[in-house]
1. Determine which member of the set 185, 180, 193 is assigned to a loop (DSSP other than H, G, I, E, B) and modelled with pLDDT of 95 or more.
2. Quick check: is even one residue across the stretch 218-231 surrounded by 15 or more Cβ atoms within 10 Å (Cβ to Cβ), outside the structural domain of residue 34 (by TED's automatic domain parsing) and either in contact with a helix residue (DSSP H, G or I) (Cβ under 6 Å, 6 or more places away or on another chain) or in a helix (DSSP H, G or I) (or both)?
3. Of the conditions (1) surrounded by 14 or more Cβ atoms within 10 Å (Cβ to Cβ); (2) assigned to a loop (DSSP other than H, G, I, E, B); (3) modelled with pLDDT under 95, residue 66 satisfies every one except a single condition; which number is it?
4. What about residue 133, is it out of contact with any Ser or Thr (no Cβ under 8 Å at 6 or more places or on another chain), buried (at least 16 other Cβ atoms within 10 Å of the Cβ) and either of a type outside the set (Phe, Trp, Tyr) or at pLDDT 95 or above (or both)?
5. Could you list all residues from the stretch 166-223 that are over 18 Å from residue 240 (Cα atoms) and among the hydroxyl-bearing types (Ser, Thr, Tyr)?
6. Looking at 132, 207, 185 in this structure, which one is within 25 Å of residue 33 (Cα to Cα) and either touching a Pro at 6+ places or on another chain (Cβ under 9 Å) or not assigned by TED's automatic domain parsing to the domain that holds residue 232 (or both)?
7. Can you confirm whether residue 31 is under 25 Å from residue 198 (Cα atoms) and either touching a Pro at 6+ places or on another chain (Cβ under 8 Å) or of a type outside the set (D, E, K, R) (or both)?
8. Name the single residue that is modelled with the lowest pLDDT among those in the stretch 136-154 being closer than 30 Å to residue 27 by Cβ and not in a helix (DSSP H, G or I).
Amino acid sequence: MDELRENCPWDKKQTMQTLRHLTIEETYELGDAIIENNMEEVKKELGDLILHLVFYARIGSEKEAFDISDVLHSVSDKLVRRHPHIYGDVVATDEKAVKENWEKIKLKEKGNQTVLGGVPKSLPAMVKAMRIQEKAKGAGFDWDQKEQVWEKVQEELQEFQVEIDTGTSQEKINAEFGDILFSLINYARFVDIDPEEALERTNKKFIRRFNFLEKAVNEDRKELTKMSLDEMNEYWEAAKSEEH
């Protein structure tokens with residue numbers, strides 16, 4: 001990185017701001033590789049991401065703000081502080097206790113005025129909902145049983161249906177739909193489902209089946225746009241059976 005920064009025209013021009021969107025893209029590519037359980041791609045994408053981290057550290061050193069050693073020492077110190085059950089005299093016998101301690105220590109360190117103050121504003125909505133709920137749980141604000149959460153899901157579905165049936169404003173319909181998603185994400189947390197990952201797997205499954213449908217239709221010399229939904233559904237069912 002030192003050589004590239006000094007000799008490559010492209011690398012010399014980069015700033016933290018210009019790298020930011022590229023880093024986000026690399027992170028999503030790593031996420032794709034993990035979902036696909038492709039270890040070779042995971043290795044490759046980890047390398048790309050580490051390269052970005054080294055790049056930021058190099059820029060930080062140029063500004064005399066920090067270097068890579070400072071970054072690594074900082075995170076090491078943080079891990080020690082946030083694991084008092086390992087490096088101190090705090091007792092934490094299960095994952096729940098560890099998470100609660102982590103959030104309490106984090107809140108104190110960052111000096112946030114509210115429990116939810118540490119949730120990044122730019123997170124995607126679904127990931128943000130997960131973090132909000134996790135932080136609220138860390139403060140003791142949570143349901144006791146998953147059955148209670150499922151009842152809440154059913155309640156939100158009914159409220160949404162009422163708004164649809166009464167032809168209310170689009171704003172209210174949107175609000176009720178958001179409540180459904182938030183409650184479903186909450187339920188997913190109680191049954192150990194990562195909703196972001198679950199939805200992405202469904203996205204990939206839909207793409208895979210639709211690609212099969214398109215290919216099969218083309219092989220039969222038909223045009224997708226001129227077919228009825230029933231005709232397309234036959235190919236869709238064939239795509240599903242192909243997976244089994």
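The values are calculated or read from the model by the stated rules, or taken from the named source; none is laboratory data. All values reported here derive from a predicted model rather than from experimental measurement. Cβ placement follows ideal geometry from the backbone for every residue including glycine, while neighbour counts extend to all protein chains displayed.
1. 193
2. No.
3. In the conditions (1) surrounded by 14 or more Cβ atoms within 10 Å (Cβ to Cβ); (2) assigned to a loop (DSSP other than H, G, I, E, B); (3) modelled with pLDDT under 95, residue 66 misses (3) alone.
4. yes
5. Once the filter is applied, which keeps residues that are over 18 Å from residue 240 (Cα atoms) and among the hydroxyl-bearing types (Ser, Thr, Tyr), the stretch 166-223 yields 166, 168, 169, 183, 187.
6. 185
7. Spelling it out, residue 31 is indeed under 25 Å from residue 198 (Cα atoms) and either touching a Pro at 6+ places or on another chain (Cβ under 8 Å) or of a type outside the set (D, E, K, R) (or both).
8. Applying the filter and picking the extreme gives 139.
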